[in-house]
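Chemist: Sharing a structure, written as structure tokens. Questions coming.
Derivation of every value follows stated rules applied to the coordinates shown; laboratory data play no part. Please read these numbers as outputs of a predicted model, since none were measured by experiment. FYI the Cβ positions are ideal-geometry reconstructions off the backbone, even for glycines, and counts take in every protein chain you see.
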Amino acid sequence: MRIKGLIATIIILAELAAGFILMGSDMTPVIKWWLMMLVLGLAAYPLCARLFSTYKDKGYLFGKILGGLFPAWLLWLLASLRIVKFSTGAVITITLFTFVFWWVLSHFVFKKNTAELLKEIPIDTIMVREAIFTGAFLFFCYIKCFNPEAFGTERMMDYGFMQSIYRTDYFPPEDFWFAGESLNYYYFGQYFCTFLTKLSINSVNYGYNLALSMCFALCLGYAFSIVYQLMLGRSGDKKKAAVAGILAAMVLPGAASLHYLIFNFLVPWTWDILAIPGDKPSYWYADSTRYIGYHPETDDRTAHEYPAYSFLLGDLHAHVINIFVVLTILAILYAWLTDNEEEREGSVFAVELKKPRLWVIAFLTGICVMENFWDFPIYFVVSGAVLLALNLRREINGLRVFSATVLQGTVVILTSLIVSLPFQLTFEAMANGIAFAENHTPIYQLAILWALPLSLLVGLMVAVIKNCKGDSVVRSVRDWLRSFDKTDLYVILIGLCGAGLILIPEIIYIEDIYSGSFKRFNTMFKLSYQAFIMLNLMMCYTVSRFVMKPETAAQKKWGIIGGVLLILCCGYFITALRMSAGDIKDRENYEGLRADAYIEKQVPADSDAIYWARDNIPSGSVVLEANGSSYTIYNRVSVITGLPTVLGWHTHEWLWHNDLSPVEDRVEIVRRMYVDADRALMEQYGVDYIFVGYCEYEKYSDQGMNIDNIRELGQVVYSSPVQDDGRYTFIVKL
């Protein structure tokens, strides 16, 4: 280890020490999770060294996810086939098995024995990457301690997914908000976070925020690694690459669009300067994600989110968890495009099917099917575009280019379907087809959101094409592509894919239960999210290339302007952090890392009863509680305990069933259970326990609920002290 590695090691130790000082006892679950991620990265190093052979760091950080995804998927498959239960012992055993598998595979397939592999490890570079990840992970864990509660927006739902999965033995898990049916949702992301929770010997009340912090740290670390390698590939200068990587590490997990600068600064300043009468417009951090259809208000409500908002909002949702999967796909594609390995002789099948990158991309695409389905078609197209360009640059004839591309696409499709087959056998799509967009975004709003990245993309394309102009060698598409620098070509391709995702919702949208003013909502949300990721990687590279390796004075000027705007947009993270978590410098605002502690503030009379139910009621038992509207405290029992109830959040179950009638039926059924104390109906729906507390009193007292009748249905196994209003919380076992 040289001086750089030694300094990085000292920084890591200092980061850990600071974590213990700042977080105290909350650091115990944090350090367990961090150690687990460290081991996973080491476990998958042989695979990463092969996949990322062109990377300076050999893709070390990507091993933290690849090292966990493969054993998680294998155990999920075995549990789906009811061969092995999803237990902590199985999690550890399967992970150890894959650890050995990768190192054995390296020896016999990759032709690298352990001694050779260890000798080639870039320890200094890896320690720097570990310092980046550790710092980002501990930083986000710390700020979550000021806003840890899994309450508000969809945090309760995401927490409930993890708690329910934590208790399950086999897959698919039972729908904890629709007892008797399996969960019809893209749950693999929450399953993976739960898998890591068990692997790190943690509980879900800590695992929720640890998983979110991991997503933030990986997003930051992966952005650094990808753009560092992009700039290194273009310039060959490590210092310039490091600057580009730092910019990406700031921008991807921390920046917003120009909307933030305009409406948080420019509009209020203009209001003051011009002394405009009336209330000065205020800014809330969610405004930058709810612009089209909201400001001004129209009948076309949409969403255009990005990672910084997601992380600080705190939802551990499908699109958030899948960030590290899509970034890994993008990273592998660049490693593949820039690999100069010689062409192998043999048939297309013999050559293409022996490429590990193809199979890993196919596997990750299959994970997208189960984790966030929208990313499946998106990254199938992105992969296809990059691989087609790669094949056109290869020294093979036109027919072989076609054959190789078709074979690669077929492998990705078939493998992804096989990887996700158990999931798809029990899943019913929540979409009703494709429709043409009736509403379109005003040009000025598109400009506010996307003018900066699109103008930089055009600038990069112009710069690259000018370099090819007049070249007599350029006689065909293939020759033209070969004249491109590989890095420029890759960045342009992902930039064009991002631009295409912006355009699609202006033409078509996917029909689902959202109607009226929200027809385009989901489509624009999911597509623009991935557009933001790819376009921000493109911008960070383009700005760095224009500033540090310019070919004209105009490039440098535009690069400086773009870079300044990007850095200013990163101020969004600070603004949003202050609005969402308060002043993190004030230790009086420190709450700790437990995601379930909010229950003691929101429904204090019920908290002890809910914890008792979580710790004492057997898994698989159905606990009756009052159902309620989405985003409210209702269904708090099923969320905190992970135990199924008869009916949960109304709108969400409507979406998952893609049909309102079964949901409305159960609304009446739950009412009858409480108001009529209908034991026969309870037995019909498998109810084992009845919970009566704050929400039940609030909803059913005026409708005739008689607690004496409910108590007589079975044995009272828990009862709280009587409150001043005469009410008390109790649980009845039928």
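Chemist: In terms of modelled amide H atoms, which long-range or inter-chain residues lie less than 5 Å from the amide H of Ser182?
Modeler: Here Asp175 satisfy the definition.
Chemist: Let me check the size of region 27-181 from its C-alpha atoms; what are the radius of gyration and Dmax in Å?
Modeler: My reading of the Cα-based Rg and Dmax gives 18.4, 55 Å.
Chemist: Which length gain, in nm to one decimal place, applies between Thr88 and Leu734 when the Cα-Cα distance is subtracted from 0.36 nm times their residue separation?
Modeler: Net length gain for the segment: 229.5 nm.
Chemist: Using +1 on the beta carbon of Lys and Arg, -1 on that of Asp and Glu, and nothing else charged, what's the dipole of region 339-442 about the Cα centre, debye to 20?
Modeler: 200
Chemist: Need one word for region 352-393: rounded, prolate or oblate. Basis is the Cα gyration tensor (sqrt eigenvalues a ≥ b ≥ c); a/c below 1.5 gives rounded, then a/b vs b/c decides.
Modeler: It comes out oblate by the Cα gyration axes.
Chemist: Under a 5 Å amide H to amide H cut-off, with H placed in plane at 1.01 Å, what residues pair with Leu624 once short-range neighbours are removed?
Modeler: Distant-sequence amide H within range of Leu624: Asp688, Tyr689, Ile690, Phe691.
Chemist: Let me ask another. Helix-only mean residue ellipticity at 222 nm, the chain, DSSP H runs n ≥ 4 weighted -39,500 (n - 2.57), per residue, nearest 500. What is it?
Modeler: Helix-only estimate at 222 nm: -20000 deg cm²/dmol.
Chemist: With angles folded into 0 to 90 degrees, how steeply does helix 88-108 sit against the dominant principal axis of the chain? Use alpha carbons for both and round to 10.
Modeler: On a 0 to 90 degree scale, this one is about 10.
Chemist: Whole angstrom only: what separates the Cα centroid of region 1-52 from the Cα centroid of region 680-703?
Modeler: 48
Chemist: Among rounded, prolate and oblate, which fits region 327-419 when a ≥ b ≥ c are the square roots of the eigenvalues of its C-alpha gyration tensor, a/c under 1.5 means rounded, and a/b larger than b/c means prolate?
Modeler: Prolate is the answer for region 327-419, as a/c is 1.5 or above and a/b outweighs b/c.
Chemist: Hey, got the dipole for region 304-581? About the Cα centre, +1 on K and R Cβ, -1 on D and E Cβ, debye to the nearest 20?
Modeler: Magnitude of the dipole: close to 760 debye.
Chemist: Let me ask something additional. Order 324-332, 612-620 from most to least packed using the mean count of other Cβ atoms within 10 Å.
Modeler: Ranking the peptides 324-332, 612-620 by packing returns 324-332, 612-620.
Chemist: Using just the Cα positions, wrap the chain in a convex hull and report its mean projected area in square nanometres, one decimal place.
Modeler: Dividing the Cα hull surface by four gives the mean projection, 35.1 nm².
Chemist: Please arrange Cys145, Cys368 by counting, for each residue, the other beta carbons lying within 10 Å of its beta carbon, fewest first.
Modeler: The most exposed by this proxy come first: Cys145, Cys368.
Chemist: Sort Ile3, Ile710 by Cβ crowding within 10 Å, fewest neighbours at the top.
Modeler: The order, fewest Cβ neighbours first, is Ile3, Ile710.
Chemist: Now a separate question. Multiply the residue separation of Ile560 and Thr153 by 0.36 nm, subtract the distance between their alpha-carbon atoms, and state the gained length in nm to one decimal.
Modeler: Full extension from Ile560 to Thr153 adds 142.7 nm.
Chemist: Given bins 5 angstrom wide, list per bin the percent of all Cα-Cα distances in region 599-733, short to long.
Modeler: The calculated distribution, bin by bin, is 2, 10, 21, 25, 23, 13, 5, 1, 0.
Chemist: Moving to a separate point now. Report the Stokes-Einstein translational diffusion coefficient (µm² s⁻¹, integer) for region 273-386, Rh taken as the Kirkwood radius over Cα pairs, at 20 °C with viscosity 1.002 mPa s.
Modeler: Answer, rounded: 120 µm²/s.
Chemist: Please work out the Cα center distance from region 555-610 to region 322-365, rounded to the nearest Å.
Modeler: If you average the Cα positions of each part, the centres end up 37 Å apart.
Chemist: Between helix 63-80 and the chain, what is the angle of the helix's C-alpha long axis to the longest principal axis, kept within 0 to 90° and rounded to the nearest 10?
Modeler: 50
Chemist: If exposed means no more than 12 neighbouring beta carbons inside 10 Å and the site is in a DSSP loop, what's the longest run of the chain without any exposed GluC sites (Glu not before Pro)?
Modeler: By the stated rule (loop sites, at most 12 other Cβ atoms within 10 Å), 1-340.
Chemist: To continue, here is another question. Given a Förster distance of 30 Å, report the FRET efficiency between Ala447 and Asp339 from their Cβ-Cβ distance, rounded to the nearest 0.05.
Modeler: Efficiency computed from Cβ-Cβ geometry: 0.20.
Chemist: Next question, about the same structure. May I ask which of Lys58/Lys239; Lys4/Lys240; Lys32/Lys144; Lys119/Lys240; Lys4/Lys239; Lys56/Lys240 have a Cα-Cα span longer than 20 Å here?
Modeler: Lys119/Lys240, as the Cα separations exceed 20 Å there.
Chemist: Another one. Fully extended, how many nm does the chain gain between Asp724 and Glu395 (0.36 nm per residue separation, minus their Cα-Cα distance)?
Modeler: Roughly 110.1 nm would be gained on extension.
Chemist: Calculate one ³J(HN,Hα) per residue across region 559-576 by plugging θ = phi - 60° into the Karplus curve 6.51 cos²θ - 1.76 cosθ + 1.60, and present them in order as whole Hz with x for glycine and proline.
Modeler: x, 5, 4, x, x, 4, 5, 4, 5, 5, 5, 5, x, 4, 4, 5, 4, 5
Chemist: To the nearest Å, what is the center-to-center distance of region 282-302 and region 145-184, using C-alpha atoms only?
Modeler: With region 282-302 and region 145-184 each reduced to a Cα centre, they are spaced 29 Å.
Chemist: Taking other Cβ within 10 Å of each residue's Cβ, how do Ile567, Ile707 sort, fewest first?
Modeler: Ascending number of Cβ neighbours within 10 Å: Ile567, Ile707.
Chemist: Could you please report the charge total around Thr405, scoring K, R as +1 and D, E as -1 over all other residues with beta-carbon less than 11 angstrom from its beta-carbon?
Modeler: Residues near Thr405 contribute +1 overall.
Chemist: Something else: What does the C-alpha gyration tensor say about the overall shape of region 304-581? Classify as rounded when a/c is under 1.5, otherwise prolate if a/b is larger than b/c, or oblate.
Modeler: Here region 304-581 falls in the oblate category.
Chemist: Please get the size of the charge dipole for region 563-603, origin at its Cα centre, with Cβ charges of +1 on Lys and Arg and -1 on Asp and Glu, quoted in debye to the nearest 20.
Modeler: In total the dipole reaches around 140 debye.
Chemist: Here's another thing I want to ask about it. For the ranges 317-323, 56-62, 37-43, what's the packing order if you count other beta-carbon atoms within 10 Å of each residue, average per peptide, and put the highest first?
Modeler: Descending packing order for the listed peptides: 56-62, 317-323, 37-43.
Chemist: Let me ask something else about it. Nearest 10 degrees, 0 to 90: what angle lies between the long axis of helix 375-393 and the longest principal axis of the chain (Cα atoms)?
Modeler: 10
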